[in-house]
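**Student:** The structure that follows is given in the form of structure tokens.
The values are calculated or read from the model by the stated rules, or taken from the named source; none is laboratory data. Keep in mind that this is a model prediction, so the values were computed, not measured. Cβ coordinates were reconstructed from backbone atoms using ideal geometry, including for glycine residues, and neighbour counts include every protein chain displayed. Ligands, DNA and RNA are stripped out before the accessible areas are found, and what is left, the full protein with its side chains, is counted by its heavy atoms. Shrake-Rupley method; radii C 1.70, N 1.55, O 1.52, S 1.80 Å.
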Amino acid sequence: MAKVLLRVENLKKYFPAKGGLFYTEKGILAKASVIHAVDDVSFNLFENENLGIVGESGCGKSTLAATILLLYKPTFGKIYFYDKEITQLSSEELRRLRPKLQMVFQDPYSSLNPRMRVKDIVAEPLSLIEKNKYNVTQKVREIIVKVGLREEHLERYPHELSAGQRQRVAIARSIITNPKLVILDEPTSALDVSTQAQILNLLKDLQKEYGMNYISISHNISVVSYMSDRIAVMYLGKIVEIGKTEDLIIRPKHPYTKILMGSIPLPDPKRRDYMMEVIGETPSPVNIPTGCRFHPRCPYAKEICKVSEPNLREIEDRLVACHLVEEIEKS
Amino acid sequence: MEVEDLSINFETLYGTLKVLNGVNFIINEGEIVGLVGESGCGKSTFALSIMGLLPPQAKLMGGKIYFQNSEINVLDEKFMEKIRGRKISMVFQEPLTSLNPILTIGEQLMEAIKIGSDKKDVKKEEALKWLKRVGIPDPERTLKRYPHELSGGMRQRIMIIMALATKPSLLIADEPTTALDVTTQAQILKLMKNLVKENKVSVLFISHDLGVIAQIADRVAVMYAGKIVEESKIFEIFENPLHPYTKDLLSSIPKLEGKSEKLPTIKGSVPNLLNLPEGCIYHTRCKYVMDNCKVKEPELKEYLTKRKVACFLY
Ligand SMILES: Nc1ncnc2c1ncn2[C@@H]1O[C@H](COP(=O)(O)OP(=O)(O)OP(=O)(O)O)[C@@H](O)[C@H]1O
Ligand SMILES: Nc1ncnc2c1ncn2[C@@H]1O[C@H](COP(=O)(O)OP(=O)(O)OP(=O)(O)O)[C@@H](O)[C@H]1O
Ligand code: SF4
Ligand SMILES: [Mg+2]
Ligand SMILES: [Mg+2]
């Protein structure tokens, strides 16, 4: 059995909600409380395994990523890295752990220091652990070419690059220390398909060479599919389905996953307007629907879905949080 | 909008970058034109030049831009200010950099929304209506929040509202849906299509997602190293791409199912803009390269019915 690299247990991250009163479903005027950005998430990531996370915009993916790396303080729950609880570490211990845990942020521009040159941005995490300047410079040169840029780009400032070039600088920075775990939040959203392929191939090679593990967050299902052995689907702060990549894409079980997989835009202009749509509005993460959080928009919802919240349970090859999976499968 | 032979250089400390090299481009009324191309090939620079928002190191080397049949001078800041955000508006590629971090979403939306009335509550109603249309939950509360409190996709939709709410004649959308999940994306694409139909808006739609391009564009232009190398109707380009770069690009689209060991990529690397190759800019990577390609530069010319391609094969 492979070792568990990362264990996330009942993780919650709430943000204070601003302003105003609102009506609950029963029509009672209540005071705004909190944004349930991540609301009880648990999963294991094994060594040499990659996980993908997909879900609606605003469902909590980036918050989950930042909380796992303790860039946000969890509201509740525990995180273990190789059986060591990291939610308990002192800031000094955490600082020493950082080079092993890296992240590529969704907005590369805002995560790159505008006053630093590319060469210093990329070198920074490495120079914390490698004191030999020559080695650092060599490694920076090597990696910049690997991500499809040229040495010439090393002298530039972030604003002198295109969006996709900046994204590759962020990726180079995150992998230069050969970390154990890299969380990639929309890592290739600004790259054309060929450059994207080059980066994804590189990440896979590095995994073979150095045993890196990835958690990839992306709206691009083919990116997640290539990068992950398992995929977790999030809806409104919770995981609603998690399973092996191929099975989940080809045979989604949760009603939300079905709709998600049904609205992937195909690169074929002759097939337009086939895309599935989610009916109704995205519910507010402040005022979470009762029962199953997907019930106001679910085409299969029944009475039970309105009152009781489904837990993740094992169904064949995966975990699904839906009361009616078996019934839906039969129909 | 018509662009003729637009060339732009960036003067930098390390030399002159030839970012745009004679771009020819037309967008008709009520048409959605997709613009695709390798990362760093000049798409955003092209978009910013039409908006008159080029960085100071940019030098206009030549070319003309016509908007609604009269020539415009994108360097004339006074004039551009008048049409920017009114007649032409833009969704920028990186939302976080173009939203003001210290103003609330409400303040920024009210500023952007241009409707007959200046009354605050009328504007607020309009802002709420737009937030609903793009599927942002909790519109009331969202107005009071700051950009960093929103998710990536929510910020992107705020940018889309700011561009659409001004009712422009030309909308430039630079990767407008990269932070949206596919279902929300489908909703936004539909909204854009409807606006185009209702108000005869023209759209320049820049995207790396060829699925999205296939779904929304009427016509596609392919850019490589600051030049348009092919331009065709949407069906033709997907069915029968002409330029070798277009062919290579389309065959690098990753497949959804069936895991491959390695994803296909285009061999070689993008040319150095400090020192562009002689002849055809794609010849160093092209599978079909001929002797001629190494010395002479092919021009973008008509091929068959209304297709355009810059390659000696045709
Ligand atoms: N710093 C913050 N303060 C308050 N609310 C926040 C903050 N960061 C995120 N949120 C809220 O938490 C929820 C989840 O946001 P998150 O950025 O994690 O979503 P996401 O799944 O990454 O979405 P996207 O796909 O659009 O990037 C959203 O409702 C968002 O507005
Ligand atoms: N301010 C600047 N100074 C110097 N060079 C720049 C500047 N802005 C952009 N460049 C360079 O100009 C070229 C074109 O950049 P542009 O942003 O137009 O590319 P793009 O096609 O939009 O790429 P992407 O798909 O990655 O967004 C790039 O090679 C980039 O490095
Ligand atoms: S539990 Fe009910 S509402 Fe929720 S997804 Fe399943 S069928 Fe739909
Ligand atoms: Mg996000
Ligand atoms: Mg760009």
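**Student:** For the stretch B:140-282, what's the radius of gyration and Dmax over Cα atoms, in angstrom?
**Tutor:** My reading of the Cα-based Rg and Dmax gives 18.1, 57 Å.
**Student:** Next question, about the same structure. Looking only at the protein assembly as shown, where both bridge partners belong to it, what percent of the DSSP beta bridges are antiparallel (to the nearest 5)?
**Tutor:** Beta bridges within the protein assembly as shown, antiparallel portion: roughly 65 percent.
**Student:** Given the stretch A:97-251 reduced to its alpha-carbon atoms as identical point scatterers, what log10 I(q)/I(0) does the Debye formula return at q = 0.19 Å⁻¹?
**Tutor:** At q = 0.19 Å⁻¹ the computed log10 ratios are -1.20.
**Student:** Further question: Give the ranking of A:F76, B:F46 by solvent-accessible surface, highest area first, calculated with a 1.4 Å probe. Walk me through the intermediate numbers first.
**Tutor:** Details: A:F76 120, B:F46 0 Å².
Accessible-area ranking of A:F76, B:F46, largest first: A:F76, B:F46.
**Student:** A follow-up question, please. Going by a 1.4 Å probe on protein heavy atoms, which residues of the stretch A:218-232 end up with at least 20 Å² less accessible surface in the whole assembly than in their chain alone?
**Tutor:** Those are A:H219, A:S222, A:S225, A:Y226, which lose 20 Å² or more relative to the chain on its own.
**Student:** Which value, in debye to the nearest 20, describes the size of the charge dipole of the stretch B:2-224 about its Cα centre when Lys and Arg Cβ atoms bear +1, Asp and Glu Cβ atoms bear -1, and nothing else is charged? Write out the running numbers ahead of the final one.
**Tutor:** Details: 28 positive and 27 negative charges, 139 e Å.
Once rounded to the nearest 20, the dipole reads 660 debye.
**Student:** Something else: Restricting the calculation to Cα positions, tell me the Rg (one decimal) and the Dmax (whole number) of the stretch B:122-179 in Å.
**Tutor:** Cα radius of gyration and Dmax of the stretch B:122-179 are 11.5, 32 Å respectively.
**Student:** Quick one: P(r) of chain A from all Cα-Cα pairs, 20 Å bins, percents rounded to integers, in order of increasing distance.
**Tutor:** Percent of Cα pairs in each bin: 29, 56, 16, 0.
**Student:** Another question, if that's okay. Suppose every Lys and Arg Cβ carries +1 and every Asp and Glu Cβ carries -1, with no other charges. What dipole size does the stretch B:48-88 come out with about its Cα centre, to the nearest 20 debye?
**Tutor:** Working: 7 positive and 4 negative charges, 21 e Å.
For this selection, approximately 100 debye.
**Student:** Still on this model: Just to be sure I understand: of the beta bridges DSSP finds with both ends in the stretch B:2-224, what percent are antiparallel, rounded to 5?
**Tutor:** Restricted to the stretch B:2-224, the bridges split so that about 50 percent are antiparallel.
**Student:** DSSP loop trypsin sites (Lys or Arg not before Pro) in the stretch A:108-210 with at most 16 other Cβ atoms within 10 Å of their Cβ, which ones? Display every interim value, and only then the final one.
**Tutor:** Working: sites: A:R115, A:R117, A:K119, A:K131, A:K133, A:K139, A:R141, A:K146, A:R150, A:R156, A:R166, A:R168, A:R173, A:K180, A:K204, A:K208; in loops: A:R115, A:R117, A:K131, A:R150, A:R156, A:K180.
Those satisfying the criteria are A:R115, A:R117, A:K131, A:R150.
**Student:** Could I ask something else about it? So what J values fall out for the stretch B:69-75 if you push phi through Karplus, 6.51 cos²θ - 1.76 cosθ + 1.60 with θ = phi - 60°, rounded to Hz, Gly and Pro as x?
**Tutor:** Listing the rounded values in order: 6, 10, 5, 10, 9, 5, 8 Hz.
**Student:** What do you reckon, how do A:E326, A:E47 stack up by accessible area (1.4 Å probe), largest on top? Please list the in-between numbers first.
**Tutor:** Working: A:E326 85, A:E47 55 Å².
Ranked from most to least accessible, the order is A:E326, A:E47.
**Student:** May I pose another question? Expressed as a whole number of Å, what is the distance separating the alpha-carbon centroids of the stretch A:283-331 and the stretch B:168-224?
**Tutor:** The two parts, judged by their Cα centres, are 33 Å apart.
**Student:** While we're looking at this one, here's another question. What cysteines in chain B have no other cysteine with a beta carbon less than 4.7 Å from their beta carbon?
**Tutor:** For chain B, the answer is B:C41, B:C286, B:C311, because their Cβ atoms have no other cysteine Cβ under 4.7 Å.
**Student:** Which values of log₁₀ I(q)/I(0), to two decimal places, follow from the Debye formula for the stretch B:2-224 at q = 0.11, 0.15 Å⁻¹ with a uniform point scatterer at every Cα?
**Tutor:** Summing over Cα pairs of the stretch B:2-224 leads to -0.55, -1.03.
**Student:** Rounding to the nearest 20 debye, state how big the charge dipole of the stretch B:118-246 is about its Cα centre with +1 on each Lys and Arg Cβ and -1 on each Asp and Glu Cβ.
**Tutor:** Value, rounded to 20: 660 debye.
**Student:** Name the residues of the stretch A:87-107 whose accessible area, probed at 1.4 Å, falls by at least 40 Å² once all protein chains are in place instead of their chain on its own?
**Tutor:** Buried by the other chains: A:Q106, A:D107.
**Student:** Do the alpha carbons of any pairs in B:K82/B:K132; A:K244/B:K267; A:K270/B:K247; A:K12/B:K129 sit beyond 26 Å of each other, and which pairs?
**Tutor:** B:K82/B:K132; A:K244/B:K267; A:K12/B:K129
**Student:** Then there is this: At q = 0.08 Å⁻¹, what log₁₀ I(q)/I(0) does a Debye calculation on the Cα points of the protein assembly as shown give, no solvent, two decimals?
**Tutor:** Results for the protein assembly as shown at q = 0.08 Å⁻¹ read -0.59.
**Student:** For the stretch B:2-224, with the dipole built from +1 on Lys and Arg beta-carbon atoms and -1 on Asp and Glu ones, taken about the Cα centre, which of B:L128, B:Y224, B:S39 lies farthest toward the positive end?
**Tutor:** B:L128
**Student:** A follow-up question, please. Roughly how large is the A-B contact in terms of buried accessible area, totalled over both chains, probe 1.4 Å, nearest 100 Å²? Present the calculation step by step, with values, prior to reporting the outcome.
**Tutor:** Numbers: alone 17130 and 16530 Å², together 27880 Å².
Buried area between the two chains comes out at roughly 5800 Å².
**Student:** Hey, can you find the accessible area per residue of the stretch B:2-224 for me, probe 1.4 Å, expressed in square angstrom?
**Tutor:** Values: 8640 Å² over 223 residues.
Roughly 39 Å² per residue, with all protein chains present.
**Student:** Could you work out how far helix A:133-146 tilts from the main Cα principal axis of chain A, as a 0 to 90 degree angle to the nearest 10?
**Tutor:** Tilt of helix A:133-146: around 50 degrees.
**Student:** How big, in percent, is the set of alpha carbon pairs in the stretch A:177-331 lying more than 19 Å apart?
**Tutor:** Taking all Cα-Cα pairs of the stretch A:177-331, the fraction more than 19 Å apart is 61 percent.
**Student:** Could you check how much of the accessible area of the protein assembly as shown is carbon and sulfur, as a whole percent, using a 1.4 Å probe?
**Tutor:** C and S atoms contribute 52 percent here.
**Student:** Hey, what angle do you get for helix B:152-164 against the long axis of chain B, alpha-carbon based, 0 to 90 degrees rounded to 10?
**Tutor:** 90
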